[in-house]
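The values are calculated or read from the model by the stated rules, or taken from the named source; none is laboratory data. On a predicted model such as this, the values are computed, not experimentally measured, just so you know. Cβ coordinates were reconstructed from backbone atoms using ideal geometry, including for glycine residues, and neighbour counts include every protein chain displayed. Just so you know, the surface numbers come from the protein's heavy atoms only, side chains and all, with ligands and any DNA or RNA stripped out. Shrake-Rupley method; radii C 1.70, N 1.55, O 1.52, S 1.80 Å.
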Amino acid sequence: MKPGKVIVISAPSGTGKSTIINAILDRGELDLQFSVSATNRSPRPGEVNGVNYHFLTDEQFHDAIAADEFIEWENVYPGRYYGTLKSEVTSKTEAGHNIVLDIDVKGALNVKKLYGDKALTLFVMPPSIAALQQRLEHRGTEAPEVIAERVARAEFEISLAPEFDAVVVNDALDKAIEEANGVIKAFIG
Ligand code: ADP
Ligand code: 5GP
């Protein structure tokens, strides 16, 4: 069996990346499975352990680093760790499924280095930083200081967009879903 491919999607927080990924997965048109990352942040209302993330304590996260359980991990925001588990990626790709990773820009470029042509990196671009801020405020899942921290990182994240294989702007949501779906479809063939 041919191993599945790796699709890595990054965007500044609040751009609409999860919305786009969920819409593409819900369509069921492409053979895609979501890689459930590990994190030490708390679940948002509605997030389910093992579905959105594997929610770990600080100690569990550091134990997993020590046990070499991650393909990559990053300290994305102060004190907040996120990592791609080897077990998630290998079990799904070895079963022939393509896998979608929703990870930060640094993690995305590291995965590209590891997987080369077997990975597609897609950057989802917000129409503006102001729109990003409004979306985060409207989502209402983070405290104002956490929103400020996320918006502050956006300039750095956007500066790395040219290093990605493809960029899709999420202004009109339906158009962005269509474009992202098309880029992924072309890659997995
Ligand atoms: P991310 O995963 O990138 O942090 P989300 O998918 O959670 O972002 O989206 C952030 C918020 O913006 C959500 O409330 C979502 O409904 C909203 N959103 C997503 N795409 C658009 C869009 N094109 N226009 C306006 N709001 C959007
Ligand atoms: P959130 O807290 O909004 O779910 O995610 C914050 C950031 O962490 C997003 O940029 C998201 O893509 C990133 N992220 C989620 N999982 C991983 C992971 O496994 N590795 C890395 N490097 N970043 C991740």
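Residues of the range 8-36 that are more than 13 Å from the chain's Cα centre (by Cα) and among the basic types (Lys, Arg): 27 alone. Of all the residues in the range 1-33, those that are surrounded by fewer than 19 Cβ atoms within 10 Å (Cβ to Cβ) and touching a helix residue (DSSP H, G or I) at 6+ places or on another chain (Cβ under 9 Å) number 9.
Results for (1) more than 29 Å from residue 31 (Cβ to Cβ); (2) crowded, with 18+ Cβ neighbours inside 10 Å, shown as yes or no for each residue.
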| position | (1), (2) |
| --- | --- |
| 137 | yes, no |
| 155 | yes, no |
| 170 | no, yes |
| 185 | no, no |
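Among the residues examined, residue 47 does not qualify as over 24 Å from residue 184 (Cα atoms), touching a Lys or Arg at 6+ places or on another chain (Cβ under 9 Å) and charged (D, E, K, R). Pairs meeting the criteria (first residue in the range 103-117 and more than 16 Å from residue 4 (Cβ to Cβ) and of a type outside the set (Gly, Ala, Ser), second residue more than 12 Å from ligand 2 (Cβ to nearest atom) and assigned to a helix (DSSP H, G or I), beta carbons under 7 Å, at least 6 apart or on different chains) are 109/163. Scanning the range 115-143 for residues that are of a type in the set (Lys, Arg) and over 12 Å from residue 12 (Cα atoms), we see that the one that is farthest from ligand 2 (Cβ to nearest atom) is 118. Selection over the range 49-88 of residues that are within 16 Å of ligand 1 (Cβ to nearest atom), in a loop (DSSP other than H, G, I, E, B) and open to solvent by less than 70 Å² (accessible area, probe 1.4 Å) gives a count of 1. Is there a residue being closer than 25 Å to residue 110 by Cβ, at pLDDT 95 or above, away from ligand 2 (no atom under 15 Å from the Cβ) and open to solvent by less than 50 Å² (accessible area, probe 1.4 Å) anywhere in the range 144-152? No, there is no match, as no residue in the range 144-152 is closer than 25 Å to residue 110 by Cβ, at pLDDT 95 or above, away from ligand 2 (no atom under 15 Å from the Cβ) and open to solvent by less than 50 Å² (accessible area, probe 1.4 Å). Sort out which residues of the range 94-117 are in contact with a strand residue (DSSP E or B) (Cβ under 6 Å, 6 or more places away or on another chain) and either among the aromatic types (Phe, Trp, Tyr) or in a helix (DSSP H, G or I) (or both), and write them in order of number. Correct list: 105, 106, 107, 108, 110, 111, 112, 115. Can you tell me which residue is surrounded by the fewest Cβ atoms within 10 Å (Cβ to Cβ) among those in the range 157-168 that are away from ligand 2 (no atom under 13 Å from the Cβ) and not in a loop (DSSP other than H, G, I, E, B)? My answer is 162.
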